[in-house]
Structure formats: structure tokens, C-alpha cells
Amino acid sequence: MKAPRHISSRDNAIFKQLRALADDPRHHGRALLDGIHLVAECLRREIEVQQLLVSESGLNNPEVGALLKSAAGVDCVLMRDSLFREFSGIATPTGIAAIIEIPAASEGVITGDALLLDAVQDAGNVGTILRTAAAAGVRDVLLGPGCAGAWTPRVLRAGQGAHFSLAIRERVDLKAALAACQATSVATVAHGGTSLYELDLAGPIAWLVGNEGAGLAQELVDAAGLRATIPLAGSSESLNVAAATAVCLFEVVRQRNTASRSANS
């Protein structure tokens, strides 16, 4: 690791750039990965790190020290704890962050499983959904207008490294993407759809997931090939969008695993 530059003032030009980057990563084409886990995952996958950021107290953390030691030659900035907390946005950061270039969005028609998010606004929900998609083996995730930014610090923290396993597209015209999609499209609706557990999910599925309060836009519901509803106990009206997405994606995994076992028996 190169000898770090030290920042102790909010007026420092580098600190101002970091604040701007944290607020709008897509505009700057770079993302801020905050925390030991994300930085370690980035280095493990050999993703190029443009800059490392470390707090004064972070230097005393053995895990942070090990990461700094493994990142030989990477530009490093050391800053006061209060400044680090300010751009980190959390009360007790672990004391290390990395800046990477946001990967170019993939292009082309979707042929395998995919997840299309319509105005999912909460950063925690978007990050959790991305983490679930990666765990369920879904690769393509398309975020329509109104979604929380995929590469913002809060979404990255909730994603826990899932971003590196996904092909993420943002600000997508979901209706146009759906029209070109070769997978079976399934709109998730709170009421009136076919029970999730009655659907045949053997082939590629493009799931449509909607806003936390309003659900899917009606034009997307109408454009989908199927509508799916998760049966709930009588006293429950709905599930959190991230929880509902997990139920749907892992029902696909369950059905396919069952079919595979039957074929091999």
C-alpha cells in the first residue's frame, strides 16, 4: 500500500469529492464500498480498486490492517473518524472503504431468469432483493425508474457483495424490456393472481416486482404473461417486497431441484 494521504478538514477537495460520490455514484461512474466485508469481497474477486479510504481508528482494526496490507500499490486516504462517518452515513463504520468503477450495464435480450423491479424505493429492500437474486441463481436484474440506485452505499451494504454476481441495469424501460424478453413473464400481485405454488416454473422466468405501497404499475401487470399471488394466512394482507421476492425466487429453486431429483431417480 502506498503511504496514505491524511485528511482532517471538511474543506479538503478530496473529501468534497467523496461526499458527492456517495450522494450520486451513478453520475460519477464510481461506487463507494463501505465496510470490511465489501472491501474484502472486492479484493477477493480481483476487482480493480481505484482508492482505499480508512479512518484513524480503523488503522487499529486487525482486519482492516490485513486488507490494507493485501492491497499493495493502491492509493490510500486516511481521515479523521468524524469525516469518515460523514460520508459513510452510519454511526459506527468499520473504518475502511473502497472506490471502484461501476461496471458497464449489460445489453441484449434476456433469455434466462431475470428480475424486473418497478419503483422499489427503499434502499434496504433493493439491496436485499439483489442479495436474494444472487443466492437463487438469477443473474439479470433490471431496475426501472423510481428504484433506489443500485450502487448507492445503503444498497451496496444490504447487498453484501451480491452486485459482483449480477448483471445490473438501471433506469430501464421495463415494458420495452418485457416485450423483448424470451422468458415467461410473471407479475407478482397481492391479490387475484394464480397461486405461486400452482405455477409451472420449470423454464426461464422474468419476475416483475412492484413498489412497496402501490405494487406493480398496471401496464406492467397487463403486459405480463402470468400473474402470481403468494397465499397468506387470513389475518395477513401482504408481505414485504423483499420477502415476497425471496419466496418467489426460491419456489423456482424448489421446483427445479425436485424435478432434477425425479429425473435422476
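The values are calculated or read from the model by the stated rules, or taken from the named source; none is laboratory data. Computed from a predicted structure; not experimentally measured. Backbone-built Cβ (ideal geometry, glycine too); neighbour counts: all protein chains shown.
In table form, for the structure just shown:
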| item | result |
| --- | --- |
| Residue satisfying condition, being in a loop (DSSP other than H, G, I, E, B) and buried (at least 20 other Cβ atoms within 10 Å of the Cβ), within set 220, 201 | 201 |
| Answer residue from segment 79-92, given it is surrounded by 20 or more Cβ atoms within 10 Å (Cβ to Cβ) and modelled with pLDDT of 90 or more and is farthest from the chain's Cα centre (by Cα) among those | 79 |
| Residues satisfying the stated conditions in segment 72-93, i.e. part of a helix (DSSP H, G or I) and of a type in the set (D, E, K, R) | 81, 85, 86 |
| Those residues of segment 171-196 which are among the hydroxyl-bearing types (Ser, Thr, Tyr) and surrounded by fewer than 14 Cβ atoms within 10 Å (Cβ to Cβ), in sequence order | 194, 195 |
| Some residue of segment 5-25 being closer than 16 Å to residue 156 by Cβ, basic (Lys, Arg), part of a helix (DSSP H, G or I) and in contact (Cβ under 8 Å) with a residue 12 or more places away in the chain | no |
| Residues of segment 26-71 satisfying the condition of being of a type in the set (Lys, Arg) and part of a loop (DSSP other than H, G, I, E, B) | 45 |
| Residue under evaluation residue 227, criteria (1) surrounded by fewer than 14 Cβ atoms within 10 Å (Cβ to Cβ); (2) within 16 Å of residue 183 (Cα to Cα), criterion not met | (1) |
| Hits in segment 44-65 - residues which are touching a residue at least 40 places away in the same chain (Cβ under 8 Å) and in contact with a helix residue (DSSP H, G or I) (Cβ under 8 Å, 6 or more places away or on another chain) | 45, 47, 49, 52, 53, 54, 55 |
| Positions within segment 95-125 being among the β-branched types (Val, Ile, Thr), farther than 21 Å from residue 253 by Cβ and surrounded by 20 or more Cβ atoms within 10 Å (Cβ to Cβ), in sequence order | 96, 99, 100, 120 |
| Meets criteria (touching a strand residue (DSSP E or B) at 6+ places or on another chain (Cβ under 9 Å) and either hydroxyl-bearing (Ser, Thr, Tyr) or within 18 Å of residue 172 (Cβ to Cβ) (or both)) for residue 221 | yes |
| Residues that are in contact (Cβ under 8 Å) with a residue 12 or more places away in the chain and in a loop (DSSP other than H, G, I, E, B), drawn from segment 223-265 | 224, 225, 230, 231, 237, 238, 240 |
| Sole exception among (1) over 21 Å from the mean Cα position of the chain (by Cα); (2) assigned to a loop (DSSP other than H, G, I, E, B) for residue 213, by number | (1) |
| Residue count, segment 115-161 (criterion: within 19 Å of residue 100 (Cβ to Cβ) and of a type in the set (Val, Ile, Thr)) | 4 |
| Qualifying residue in segment 189-196 (condition: outside any loop (DSSP other than H, G, I, E, B), touching a residue at least 12 places away in the same chain (Cβ under 8 Å) and touching a Pro at 6+ places or on another chain (Cβ under 7 Å)) | yes |
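Condition check ((1) on the phi > 0 side of the Ramachandran plot; (2) outside the structural domain of residue 149 (by TED's automatic domain parsing); (3) of a type outside the set (D, E, K, R)) across all residues:
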| site | (1), (2), (3) |
| --- | --- |
| 24 | no, yes, no |
| 29 | yes, yes, yes |
| 41 | no, yes, no |
| 49 | no, yes, yes |
| 52 | no, yes, yes |
| 56 | no, yes, no |
| 59 | no, yes, yes |
| 72 | no, yes, yes |
